[in-house]
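The values are calculated or read from the model by the stated rules, or taken from the named source; none is laboratory data. Nothing here was measured: the structure is a model prediction, and the numbers come from that model. Neighbour counts run over all protein chains shown; Cβ positions are idealised from the backbone, glycine included. Accessible surface is based on the protein model in full, side chains and every heavy atom, while ligands, DNA and RNA are left aside. Shrake-Rupley method; radii C 1.70, N 1.55, O 1.52, S 1.80 Å.
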Amino acid sequence: GYLDIEQSMNLQILDLTKLDSILALFNKTVTLGFSGRKTIARFFSELQPSRIASIKSIPVTFIRSPFWYLESETDQVITSSSATIINNGTVETFPLLKVTGTGTVTVTLNDVSFEYTFDTSYVYVDCMPGPGRKAYFGSVKKNRNKNGGWPSLAVGNNSLTFSGNVTEIVVTKRTRYL
């Protein structure tokens, strides 16, 4: 797997009236943005502000996710039984699928299939590994209605097919970069 990355930076605080609110950010997980991409970071070093004229300088060390995600990405809506999903990132990603339909349907993404039996109008299938991996409707887990694998999107072209009474599949790709 990929490991978190430790990085350092030096903050220059020009408006000293905001020092307390800036320091408060370092007590929680934050989202860092750069060039239309974002990553998650947590700060772990003791902060020692030093004064340089009327500017505070703070050396900061933080640990961030190895992945950068797009700050905004358009979902792909699929209504035909066969489609191509393009992952323009630099690493495999784990999509969120919103499947709308009735009865029992089969969804295949590349070589990974799952079957789902509807008792609601739609279901979210979150393919992200870890505790977030689940099928759900609102706050209700629907894993008992799902059988089969948890697909991912390889870099490049990915084939999605479905059978059964599917109205649409909305794919949130979660494109990511190293």
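List of remarks:
- The stretch 96-178: projected area of the alpha-carbon convex hull, averaged over directions, in nm²: 5.5
- Selection from 143, 57, 67 lying farthest towards where the dipole of the chain points positive, charges on Cβ: 57
- The modelled label-to-label distance between residue 144 and residue 111, using points 7 Å beyond Cα along the C-beta direction, is 3.3 nm.
- A straight Cα-to-Cα reach below 17 Å connects residue 173 with the lysines 38, 98, 134, residues fewer than 8 places away in its own chain not being considered.
- Portion, in percent, of the accessible area of the chain that falls on carbon or sulfur, probe 1.4 Å: 52
- In sequence order, the stretch 136-148 has phi-based couplings of 7, 10, x, 9, 9, 5, 10, 4, 5, 8, 10, 10, x Hz under the Karplus curve 6.51 cos²θ - 1.76 cosθ + 1.60, θ = phi - 60°, and Gly or Pro positions carry x.
- Protection proxy ranking for 167-175, 14-22, using the average of other Cβ atoms within 10 Å per residue and placing the highest first: 167-175, 14-22.
- Sequence ranges 125-133, 96-104, ranked by mean other-Cβ count within 10 angstrom, highest first: 96-104, 125-133
- Dipole of the stretch 1-126 [Lys/Arg +1, Asp/Glu -1 at C-beta], most positive-end residue of 125, 32, 109: 32
- A full extension of the chain between residue 30 and residue 4 corresponds to an added length of 7.9 nm, given 0.36 nm per residue minus the alpha carbon distance.
- Using a simple spin-label model with pseudo-atoms 7 Å out from Cα toward Cβ, residue 82 and residue 134 lie 3.6 nm apart.
- Computed magnitude of the charge dipole of the chain (debye, nearest 20; Cβ of K, R +1, Cβ of D, E -1): 340
- Accessible area expressed per residue, the stretch 93-149, with surrounding protein chains retained (probe 1.4 Å, Å²): 46
- Computed over the chain, the ratio Rg/Rh where both radii use C-alpha atoms and Rh is Kirkwood: 1.13
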